Structure formats: structure tokens, C-alpha cells
Amino acid sequence: MSGGSINAAYRLDTEHGAFFLKTNDAPQANAMMAADAYGLQLLSRNGPLRVPEVIAQGTISDQSYLLLSFIEEGRATPDSWQAFGEGLAEVHRQTADSFGLDRNNFIGSLPQSNNRHTAWPAFYQEERLRPQVQMALQQGLLWTGAEAQFDTLYQRLPEICPEEPPALTHGDLWSGNYLIAANGAPVLIDPAVSYAHREMDLGMSLLFGGFAPAFYEAYERAYPTAPGFRERAGIYNLYYLLVHVNLFGQSYTGAVREIVDHWVH
């Protein structure tokens with residue numbers, strides 16, 4: 001099957017039904033598959049949105065794999081988007097004592113640190129932005145003066161981001177990481193979970209074109225965001241854009257600089 005840029009993907013048709021299989025022989029592939037399985041199971045236990053069932057995960061010879069239930073795809077309806085918005089709001093109401101997670105995981109193929117912090121600005125600075133900024137600087141992918149600008153931005157995070165309790169987040173919520181099942185139900189796939197600011201998921205959903213308006217309307221009815229979210233969305237998307245810089249190169253650097261310039265100046 002056509003998959004992402006990381007794993008080989010297969011549909012297995014068996015006497016027990018259809019299954020979805022991801023495989024990879026990279027050195028960190030088993031850890032990535034385990035993190036994916038854990039994220040799916042966490043989301044499955046903590047909200048109404050459907051996720052693929054984890055059947056098995058492990059390594060055979062040099063191939064790491066993740067075996068999931070197969071979900072036949074259908075078409076989105078207005079009810080699909082309403083269920084998606086309301087369901088995500090319910091996932092975001094699942095909270096924890098701190099921001100982070102009990103283990104590290106991955107964002108795409110890059111490591112994602114989830115050390116716990118009691119305050120969102122500290123978590124976002126130390127576990128999300130700073131590691132990506134340092135990686136990009138080491139590769140020469142940012143502009144002259146970028147590090148100083150980010151240091152200024154870190155100091156502004158407490159005034160920019162509204163205070164919120166830690167929320168269970170999908171962590172990589174763009175249009176490639178959900179599907180609509182044959183019955184019209186929304187399904188989450190490929191998570192990068194943590195307890196984070198819920199606006200991270202909403203911001204990411206807007207980054208590459210956004211979801212249907214009915215999704216945001218349903219979410220806001222169920223769990224309204226603080227005023228000004230659409231303007232703040234870029235702050236959260238800095239993380240995902242920096243990830244793209246580190247994975248795909250300088251074609252994303254301009255978008256990062258535009259957001260930083262806006263909030264620093």
C-alpha cells in the first residue's frame with residue numbers, strides 16, 4: 001500500500017480477515033513501532049475516537065513490524081466532522097499531573113523527548129523547540145541570529161500561550177494522520193502522543209490546509225479555546241515546521257522565520 005515516507009506498508013488478506021502491516025529495518029525501527037503501538041493504545045483507552053487495534057509488534061530477523069487491524073476507508077460526511085471535533089475535544093479533556101509522558105517517543109523519524117514539566121512554557125521550550133532548534137543549527141539550516149531570536153521567544157511563551165491543564169494529544173494531527181472509515185467514523189492513526197497543550201493538535205491541523213469548518217465548529221462547541229487561538233496557531237506550528245526543516249531541509253526555514261519574526265518583533 002502507499003504509506004508515509006518512513007515505513008513499508010502492506011494489506012494482508014487472510015482467512016481471519018484483513019490486517020495492516022508496517023515494516024522497517026532501520027536501527028531505531030523497533031523503538032518507533034513500539035512507540036506507535038503505545039500511542040494507539042493510549043488513545044484507544046482515553047476517548048471515543050476510533051484507532052486501529054494493535055495486534056502484534058516486534059522484530060523478525062532484521063525487520064521490525066507493527067500489525068494492526070485493517071480499516072476500510074469511506075467518505076467524510078458532515079456527521080463525520082462533527083464526531084471528529086467532539087471526539088478530539090473529549091480526548092483533550094483527559095489530563096495528567098504534568099506535561100510530558102512516561103516515556104520518550106518519535107515525531108516522524110526524529111526522537112521526541114517527553115521529560116515531565118509542571119508548566120507548559122518550560123515543556124514546550126525544553127522538550128519541543130530547543131532540541132529541534134539545536135539540530136537545525138548544527139546542520140546550518142537556520143538564519144544568522146536565529147538562536148538569539150528563539151531565546152527571546154522562549155521568554156515570551158508564558159504570555160503568549162494561555163494556561164491550560166495538560167491534555168492528552170495525538171501529537172501529529174495533520175490530514176495524513178486520520179482517515180474516515182467505511183461507516184463514516186473518524187479514525188486516528190500514527191500518533192506522537194504526550195500530555196501537552198491541546199492547542200498543539202489544533203494548530204497542527206491548520207498547518208497544511210486545515211480540516212473542514214464543521215470540525216472546528218464542533219470542537220469549539222464541545223471545548224472552547226481561549227480567544228485568539230487562530231493567531232497563536234503559528235507558535236505551536238513552530239515545532240512541526242522545525243521538524244520539517246530537520247527532515248526535509250531549508251524549504252521550510254522561511255516559514256519558521258516568519259513566525260519567529262512575528263512574535264519576537
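The numbers here are math on the coordinates, done by the rules we state, and not lab data. A quick note: this is a predicted structure, and the numbers were derived from the prediction, not measured. Positions of Cβ are backbone-derived with ideal geometry, glycine not excepted, and every protein chain shown enters the neighbour counts.
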For ALA8, other-chain or 5+-apart residues with amide H closer than 5 Å (H placed, Pro excluded) are THR23
What residues qualify as long-range amide H neighbours of PHE106, i.e. H under 5 Å apart, gap of 5 or more or another chain, H built at 1.01 Å from N?
-> GLN112
In whole angstrom, the spacing between the Cα centers of the stretch 142-173 and the stretch 78-135 equals 12
Using a 10 angstrom cutoff on alpha carbons, build the Gaussian network for the chain and name the most mobile of ARG128, ARG116, ARG230.
-> ARG230
Phi angles of the stretch 207-221, converted by Karplus (6.51 cos²θ - 1.76 cosθ + 1.60, θ = phi - 60°) into ³J(HN,Hα) in whole Hz with x for Gly and Pro, give 5, 10, x, x, 8, 5, x, 4, 5, 5, 5, 5, 4, 5, 5
Provide the per-residue ³J(HN,Hα) series for the stretch 56-69, in order, calculated from phi with Karplus coefficients 6.51, -1.76, 1.60 and θ = phi - 60°, each as a whole number of Hz, with x at glycine and proline positions.
-> 6, 8, x, 9, 10, 6, 9, 10, 8, 9, 9, 10, 10, 4
Rounded to the nearest 20 debye, dipole of the chain from Cβ charges on Lys, Arg, Asp, Glu | 120
Residues meeting the amide H criterion for ARG198 (H placed from the backbone, H to H distance under 5 Å, 5 or more places apart or on another chain) are ALA167
Excluding exposed DSSP-loop GluC sites (Glu not before Pro) (at most 11 other C-beta within 10 Å), longest clean stretch of the chain = 164-265
